[in-house]
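Comments concern the structure below.
Every read-out reported here was derived from the displayed coordinates using simple, explicitly stated rules and does not represent laboratory data. Quantities reported herein were computed from a predicted structural model and do not represent experimental measurements. Positions of Cβ are backbone-derived with ideal geometry, glycine not excepted, and every protein chain shown enters the neighbour counts.
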Amino acid sequence: MKITGITPLVLGTAWRNITFLKVETDEGLVGVGECRVVNRTEAVLGYLAEAAPRYIIGSDPFEIEKLVQRMMMEDYMRAGDIVMSGIAMVEVACWDIIGKALNQPVYRLLGGAVHDRIKAYANGWYTVERTPSEFHAAALAALAKGYRALKFDPFGAGYYELERPEKVKVVGLVEAVRDAVGPDVEILIEMHGRFNPVTAVEMARELAPFKPSWVEEPVPPENLAALKKAADAIAPLGIPIATGERLHTMPEFRELFELQAADIIQVDLTHFGGILQTKKLAAWADAYYMLMAPHNVGGPVSTAAALHLAATMPNFKIQEHFNDFAEAYVKDAAPGVPPVVDGYFALPSGPGLGVTLNEDVIRAHPYRPLHFNLFAADWHKRQVARD
Ligand SMILES: [Mg+2]
């Protein structure tokens, strides 16, 4: 079997451009991949246009390892977020094609399921004013949608430090969410790499009474010694450290693992070259007793791929999901993802990824030139003005 063509389709939403990739073959089987890169959609499309004749067209979709290796190596330049996202779209589509060719769900091709359901957490649910009463109400609304774990970034536009009134405000917001959800629901604190180590540690200490299940990206992602410094001070508070969504290749995780600077790995398969690379990373993390909580800010194809992989990872912890708090047409763009019920996804179905693109929906909501800036006021409302 040979790949004969690729077609990207971009779905514009309030704050994300979701890029789908349709991969066609000479045997009539069609696979789909997806990625959502923050603010760099056209860069990924440009990369794919250049890579398609060189690597993708003419490749056998069953030879995933070879295709990914060539795309990572033969350009010579280092692979980062753009390249690893482009590769991931093709790679995931190949798994979809293989599953359809063999009439099997993708998770059955990856060693089979070790979990009979996939634990989920909600994100994107707090698109409200940054007041305790509005966060309280939004948390209750998220629980009503079936979630038993909620993640949020209460830190506004913070960068490196926070002014004293902001610190007080943050504590009030987290207190309100814990009050709303009760003691049994998990709350996960997202720092988005905002802080220097001392501020991250201070805020973790302030929030420790509300029993967060993790603190995420306490410092920017490049300096793992700084992460280790923060992690060593946060560990005595009993709060795990989660990170990894802005690391894109296997070697970028080496120092993180050797330092044992995190407890939970949040790699995003759509920015990490796809399913197989991420499966290997999970095995490597397992040797350090680290758990996998894969990042997923994508649409339905990303989510389906994440669920198939999650089912097969022995050290899987929990899966991120946004799309119960997004425009309804995001799910409609590729129906087939199981819903979250009582905090869990059911195992996804097949064959392949088990989702089908609705190109009419995508065409009705085209690319939007937008800038999602996590360091601007009110970014958390996720209503981005067009450039
Ligand atoms: Mg994050």
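Taking all pairs of distinct Cα atoms, average 1/r, flip it, and tell me the Kirkwood hydrodynamic radius of the range 18-57 in Å to one decimal place.
In the range 18-57 this quantity evaluates to 11.2 Å.
Principal axes first, then extents: for the Cα atoms of the range 83-157, list largest minus smallest coordinate on each axis, whole Å, largest first.
Principal axes ranked by extent give 52, 33, 17 Å for the Cα atoms.
If I stretch the segment between ASN39 and ARG78 completely, what's the gain in nm (0.36 nm per residue apart, minus their alpha carbon distance), one decimal?
12.0 nm
Would you mind checking the range 233-256 for residues with the amide N under 17 Å from a putative spin-label position 7 Å along Cα→C-beta of TYR288?
Inside the label zone: 233-235, 240-256.
Go through 264-270, 301-307, 9-15 and give me the packing order, highest mean Cβ count within 10 Å leading.
Peptide ranking by packing, descending: 301-307, 264-270, 9-15.
The range 77-142 to the range 166-201: how many Å between their Cα centroids?
A separation of 24 Å, based on Cα centres.
Please say if the range 253-387 is rounded, prolate or oblate, where rounded means a/c under 1.5 for a ≥ b ≥ c the square roots of the C-alpha gyration tensor eigenvalues, and otherwise the choice is prolate for a/b larger than b/c and oblate otherwise?
oblate
Would you please name the trypsin sites (Lys or Arg not before Pro) within the range 69-163 that are DSSP coil residues with at most 14 other C-beta atoms within 10 Å of their C-beta?
Here the sparse-neighbourhood loop sites are ARG78, LYS145.
Expressed as a fraction of 2.2 N^0.38 Å, the rule-of-thumb size for a compact globular protein of N residues, what is the C-alpha radius of gyration of the range 3-104?
The value comes to 1.03.
In the chain, once you exclude exposed GluC sites (Glu not before Pro) (DSSP loop, at most 10 other Cβ within 10 angstrom), what's the longest stretch remaining?
That would be 164-387.
Residue farthest toward the positive end of the dipole of the chain, with Cβ of Lys/Arg at +1 and Asp/Glu at -1: which of GLN104, MET77, ALA51?
Selected residue: GLN104.
Rounded, prolate or oblate: which fits the range 108-352, taking a ≥ b ≥ c as square roots of the Cα gyration tensor eigenvalues, rounded meaning a/c under 1.5, else prolate when a/b beats b/c?
The shape class here is oblate.
Have a look at the DSSP beta bridges in the chain and tell me what percent are antiparallel, nearest 5.
In the chain, approximately 50 percent of DSSP beta bridges are antiparallel ones.
Round to a whole angstrom and tell me the spacing of the C-alpha centers of the range 206-228 and the range 267-336.
So the separation of the two Cα centres works out to 21 Å.
Nearest 10 degrees, 0 to 90: what angle lies between the long axis of helix 275-286 and the longest principal axis of the chain (Cα atoms)?
Once rounded, the angle reads 40 degrees.
Can you give me the angle between helix 81-102 and the longest principal axis of the chain, using Cα atoms only, in degrees from 0 to 90, rounded to the nearest 10?
60
Compute the angle between helix 41-51 and the longest alpha-carbon principal axis of the chain, please, reported from 0 to 90 degrees and rounded to the nearest 10.
The helix 41-51 is inclined about 30 degrees to the chain.
For an R0 of 41 angstrom, estimate the FRET efficiency from the Cβ-Cβ distance between GLU27 and GLU161 and round to the nearest 0.05.
Plugging the Cβ-Cβ distance into 1/(1 + (r/R0)^6) gives 0.10.
Taking only the alpha-carbon positions of the range 171-244 and ignoring solvent, what does the Debye formula give for the base-10 log of I(q)/I(0) at q = 0.27 Å⁻¹?
-1.25
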